[in-house]
Amino acid sequence: MANKKVRVATTSLAGCFGCHMSFLDIDERMLQLAEAVEFDRSPITDIEHCTHCDIGLIEGGVCNSENVHVLREFRKNCKILVAVGACAINGGLPALRNFIPLEECLKEAYLDGIGVENPQIPSDPELPLLLDKVRPVHEVVKIDYFLPGCPPSADVFWKFLTDLLEGREPSLSYELVHYD
């Protein structure tokens, strides 16, 4: 793009942060990327809120009220919103709890679990309320693109972002997204 840098924001919802680590694995290409983009909310900047961004990268599923709030903030403030990785696309590993009622999960973790010393289910108002199920991000907001993988490779991030930055419709070859 011309002289104006593209604003990029990232966040992690219910996931392992592996997609962010893979993104950082673009290594020295990050310097090239930094010439074309300005990072808004991300672990690189430690900015807390996303504001007026061109591209938002979301990793992780939606498991609590805070995730819903952050996701809606990103959708409101990002022209292009991208679901990154299996957790964002289909709930991933965090969604394994969807097969067990939430009450049973909480009971096992906080009351009956091995090594529980002070059995009580947390009820601090500062804690975000858990949703009944872990949801993929597209069930909460409109998503423009999906980057598959657990996590997507650094090359997937690079190809996707450079396509966007160069004004092309992102296209990921089979070699970049195959899992066999």
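Key figures for this structure:
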read-out	value
In the range 79-104, the residues that are under 17 Å from the mean Cα position of the chain (by Cα) and either closer than 21 Å to Val8 by Cβ or not in a helix (DSSP H, G or I) (or both)	Lys79, Ile80, Leu81, Val82, Ala83, Val84, Gly85, Cys87, Ala88, Ile89, Gly91, Gly92
Count of residues meeting criterion [touching a residue at least 60 places away in the same chain (Cβ under 8 Å), farther than 23 Å from Ala154 by Cβ and in contact with a strand residue (DSSP E or B) (Cβ under 8 Å, 6 or more places away or on another chain)] in the range 38-74	7
Candidate set: the range 1-33, residues that are among the basic types (Lys, Arg) and surrounded by 13 or more Cβ atoms within 10 Å (Cβ to Cβ); chosen: the one nearest to Val82 (Cα to Cα)	Arg7
The listed residue being free of Cβ contacts under 8 Å to residues at least 40 places away in the same chain and under 18 Å from Val70 (Cα atoms), out of Glu108, Glu104, Glu126	Glu126
Pairs with Cβ under 9 Å, 6+ apart, first in the range 26-37 and of a type in the set (A, V, I, L, M, F, W, C), second loosely packed, with under 15 Cβ neighbours inside 10 Å	Ile26/Gln32; Met30/Leu24; Ala36/Met1
Single residue of the range 34-73 satisfying the filter (β-branched (Val, Ile, Thr) and in a strand (DSSP E or B)) that is surrounded by the most Cβ atoms within 10 Å (Cβ to Cβ)	Ile58
Only one of Thr45, Thr51 that is touching a helix residue (DSSP H, G or I) at 6+ places or on another chain (Cβ under 6 Å) and hydroxyl-bearing (Ser, Thr, Tyr)	Thr51
Criterion (more than 25 Å from Thr11 (Cβ to Cβ), assigned to a helix (DSSP H, G or I) and either charged (D, E, K, R) or at pLDDT 95 or above (or both)) met by exactly one of Lys107, Lys159, Lys76	Lys107
Unmet criterion (only one of (1) out of contact with any Lys or Arg (no Cβ under 7 Å at 6 or more places or on another chain); (2) surrounded by 13 or more Cβ atoms within 10 Å (Cβ to Cβ); (3) closer than 28 Å to Leu57 by Cα) for Leu106	(3)
Matching residues in the range 110-153 - criterion: being under 30 Å from Ile26 (Cα atoms), assigned to a loop (DSSP other than H, G, I, E, B) and of a type in the set (A, V, I, L, M, F, W, C)	Val140, Val141, Ile143, Cys150
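The values are calculated or read from the model by the stated rules, or taken from the named source; none is laboratory data. Please read all numbers here as calculations on a predicted model, not as lab measurements. Note that each Cβ is placed from the backbone with ideal geometry, even for glycine, and that neighbours are counted across all protein chains shown.
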